[in-house]
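Data block below; observations after.
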Amino acid sequence: MSRPFRQIFWLLLILVFQRAELFAKSQHGAQTEPGPPRRVLHLDASEAASLKADLRAQGVEVLPAAQAQALFDRQLYAQTPPRHSDDASADPEQDRLESYRSNERPAPAYQPAPRFNFNLGFHFNGPIRGGNDDAVALFFVVVGLVVVFAFVAYSVTYLYRYLAHGYRGQGWFELGVGAWGFANAQEFGGLKAARIGMGLKERGFSWGLGAELGRIDATLSLEPKDQAKDLALSGAYAAAGPRLNYATDWGPQWTLEFLAGTSEHPEVHLLAKAMLGLRWRYGSGLYFGLSTGSLMVSLKSNLGYVRQQNPYNWLSGAETGWRF
């Protein structure tokens, strides 16, 4: 082999060995160093501002140093296995990652304390949710069911006696006025109405239908609870329903009634009251009565009105009139 060719051969052989050595070093470095190497670029303030502007113009997001360090630690943490407690190695970088791992644990979710809410499962416009006294809701349901069932039973019995035996009961008719009010920590209001009633007398009791036409003035509390939001109702209302009167041995009469209707306000879905009271009669027809019970004002939820408390309030008042 001539000398020029021999020199070229040795030069190529040296290059091959150097290339293999460089490749082996690079592979060893990639296996031993976790993550990409850090690159530091020293710039003054004007150069840094110019570089940021150029990068942002190209669509590159520029992060503050603290946020960039947190992202780097998170990536390094994901690639590094946790160290066991028996590991005696004292690696500052590993300790920093362990500290980062302990701080990344999410805080436990807030669990509110359990709270008992009485719920009858019987509702007109949404379930009983608590808020106002739940006893008033129970009173409304019990008195309403008793009055309605008793009225239906008396009506069926009277119809049978009339068709089968031609029985005709003695009728009654009355006119009167009344006023009632309610109040609690967040809601208050009252009713004033003219009343009319008619029905049949039986031995020891009377039953029939009654109606009211009057005015309601009330302030109701609405949801959401984090906003001071009230609904003021002031205007006419009308209600009608069955009424029962039972005589007592000591003079006055027990009265029960369940009236339902609505108000002229577009926000009101249903207005109803279930009342229990005592009535005293004077002379031939004058009477005076005291009563207490439950008032329900149900709002139209499809218009966005939802009571913050349940829709029932204790209602008490007085009435007077003339019975014919």
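Proximity of backbone amide H atoms, modeled 1.01 Å from N, is registered between TRP172 and GLY199, LEU200, LYS201 at under 5 Å, excluding neighbours fewer than 5 places apart on the same chain. Ranked by the mean number of other Cβ atoms within 10 Å of their residues, highest first, the peptides 193-201, 242-250, 269-277, 312-320 fall in the order 269-277, 312-320, 193-201, 242-250.
Once the other residues with Cβ under 12 Å from the Cβ of ARG161 are scored (Lys, Arg +1; Asp, Glu -1), what is the net sum? Don't skip to the answer; put the middle values down first.
Values: positive: ARG168; negative: GLU202.
Around ARG161, the surrounding residues sum to 0.
Two numbers describe the Cα atoms of region 176-324: Rg and Dmax, which are 16.7, 56 Å.
Between ALA164 and LEU145, the distance separating the two model label sites (each 7 Å from Cα on the Cα→Cβ line) works out to 2.8 nm. For region 176-253, taking the reciprocal of the average inverse distance between every pair of different Cα atoms yields a Kirkwood hydrodynamic radius of 15.2 Å.
Every number in this text was worked out from the coordinates using simple rules, so none of it is lab data. No experiment lies behind these values; they were computed from the predicted model shown. Glycine also receives a Cβ, built like all others from the backbone with ideal geometry; neighbour counts cover every protein chain displayed.
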